[in-house]
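I have placed the structure first, in the form of structure tokens, so that the comments after it can refer back to it.
No lab work stands behind these numbers, since they all come straight from the coordinates. Note that this is a predicted model, so its numbers are computed, not measured. No Cβ is skipped: glycine too gets one built from the backbone with ideal geometry, and neighbour counts run over all protein chains shown.
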Amino acid sequence: MRRASLTFVAGLAVLLAASQAQAHAMLDRSEPKVGNKVAAPPREVTLWFTQKLEPAFSRITVTNATGDRVDTGKTRVSGSQMSVSLRAGGAGTYRVNWHVLSTDSHTTEGDFSFQVGD
Ligand SMILES: [Cu+2]
């Protein structure tokens, strides 16, 4: 009896987590694109989300192949889009970390990488 109800509660929690995840601001697309290769270091990184973002609590950080921060630290938010300018950071693998608060008051975060040069 107790085990059965615990299983039910766990199943409910999974269902709730799944439905909430759909309602959060998820990464829709990016420029440079996730996992893509670009010829030269981009001047900025732009991310588009599935919901509008709260500017005060949404940010992007970008590191280059040597792990140095190459973003300017000033994330710009407009609706469901945010972007940050980059300093020149050379070739190699760049990693983008993002953290957003959507207008439904939920936070989500994630990261991805793209390649620069050859
Ligand atoms: Cu949400």
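Brief remarks on what is shown
- Karplus-derived 3J(HN,Hα), 6.51/-1.76/1.60, for each residue of the stretch 53-58, Hz, glycine and proline x: 10, 8, x, 5, 10, 10
- Size of electric dipole in the stretch 22-118: Cβ of Lys, Arg +1 and of Asp, Glu -1, about Cα centre, debye, nearest 20: 220
- For the pair E44 and S113, label points projected 7 Å from Cα toward Cβ lie 2.6 nm apart.
- Residues whose amide H lies under 5 Å from that of M26, counting only those 5 or more places away or on a different chain, are T50, Q51; hydrogens are built 1.01 Å from N in the peptide plane.
- Residue-wise HN-Hα coupling along the stretch 77-93, computed from phi with Karplus coefficients 6.51, -1.76, 1.60 (Hz; x: Gly, Pro): 10, 9, x, 9, 10, 9, 8, 9, 7, 10, 7, 5, x, x, 8, x, 8
- Using the Karplus relation 6.51 cos²θ - 1.76 cosθ + 1.60 with θ = phi - 60°, the per-residue 3J(HN,Hα) values for the stretch 31-38 come to 9, x, 6, 3, x, 7, 10, 10 Hz, with x marking Gly and Pro.
- Straight-line cross-link partners of K37 among the aspartates and glutamates, defined as a Cα under 17 Å from its Cα and at least 8 positions apart when in the same chain: D111, D118.
- Placing a pseudo-label 7 Å from each Cα along the Cα-to-Cβ vector at A91 and K74 gives an inter-label distance of 3.1 nm.
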